[in-house]
Amino acid sequence: MTIASATQQICFLVLSVTLVLGALGVVLLPSIVYSAFLLGGVFLSVAGLYLLLNASFVAAAQVLVYVGAVNVLILFAIMLVNKKETMAAIPGLPLRRVLSGGVCAGLLVLLLRVAFVTPWAVPGPEPVGEEATIRIGEHFFSDYLLPFELASVLLLMAMIGAIVLARRDVFSSDVITGEPADQGLLEKARTPLLIETPAPSPTAGPR
Amino acid sequence: MMLPFSAAEPIPLQAYLLLAAVLFCTGVWGLINSRNAVRVLMSIELMLNGVNINLMAFSSYLDGQLIRGQVFAIFVITVAAAEAAVGLAILLSLYRNRETVDMERFNLLRW
């Protein structure tokens, strides 16, 4: 895809502004649902930047995986845990925010100094352009074959792990004793240990 | 503006690096300061996207025919998807046990 430089710059500026404002909205907005939708906008802007960099396959993967899967997953999680709760105030929270903002600004200055001081070897070799998808396929099935296969194993492990973690009744009986020992051992009905309430009897020891 | 644009030049590499740095630092700030656990996961996704922009920019500007940065970016996307799935499953399990998503109350392993 070769488009004029001025068009590229306009697209880049629009995408950058969308990206930065969306990212700030994700971390600053009080409503978590707005944050999740803005996160989808951020992912779409990043996909647009990949298109500007002539990487159509990665842009498609970004839209499919991030917008289609991760963002929807986050929205589902928000719906599942969306209980109105007022977070208890913490002393020194504004100070903490300012301090961490300072640390992040310092990190930003450091990164920008590296980016602008390093003499990058531009213009580099001729970019691959439209053949990027073919090259990625060749990489995946030749020199990156082992990471490619390991990624499939990782995805399988993540899927099984997510199912085991999110279900309540995976283990219907204890492996050793045979007693019914599901994850209800950790459930809230039977967990005085996990909820921060004072111990019911004065004879109980300190936690 | 810090971007040294003129009308006829292509976009410099530093513009992408600047954008990625801003995105990464926003993610770090959100990761430190979020009270809501879902927002922490979103901040992690922001940081991963910042790193991906760096990889893609270097791949396009400096790597020529071997587009290793794009391959790395695809692996990062894969790992990020797995991380999001497991992280949200942990979050659901945690929410069932503690009935909150407040990060300040997840201190069972802290002290």
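Read-outs: derived from the displayed coordinates by stated rules, not from any lab. Predicted model only: the values in this text are computed from it and were never measured. Note: ideal-geometry Cβ built from the backbone for every residue, glycine included; neighbour counts use all protein chains shown.
Across the options A:A105, A:F148, A:I134, the greatest Cα extent toward the positive end of the charge dipole of the stretch A:100-161 (unit charges at beta carbon of Lys, Arg, Asp, Glu) belongs to A:A105. Please give the charge dipole size of the stretch A:80-164, origin at the Cα centre, charges +1 on K and R Cβ atoms and -1 on D and E Cβ atoms. Round to the nearest 20 debye. Dipole magnitude for the stretch A:80-164 comes out near 880 debye. Net charge within 14 Å of A:F141 by Cβ-Cβ distance, Lys/Arg positive one each and Asp/Glu negative one each, not counting A:F141 itself? Neighbour charge sum, excluding A:F141 itself: -2.
Each Cα pair of chain B feeds into the Kirkwood radius, which the Stokes-Einstein equation turns, at 10 °C and 1.306 mPa s, into a diffusion coefficient of 98 µm²/s.
Give, as ranges by residue number, the residues of the stretch B:85-105 whose backbone N falls under 11 Å from the point 7 Å along Cα→Cβ of A:K83. Answer for the stretch B:85-105: B:95-102. Given A:A115, A:L52, A:L64, which one lies farthest toward the positive end of the charge dipole of the stretch A:9-142, if we put +1 on the Cβ of every Lys and Arg and -1 on the Cβ of every Asp and Glu? Looking along the dipole axis, the top candidate is A:A115.
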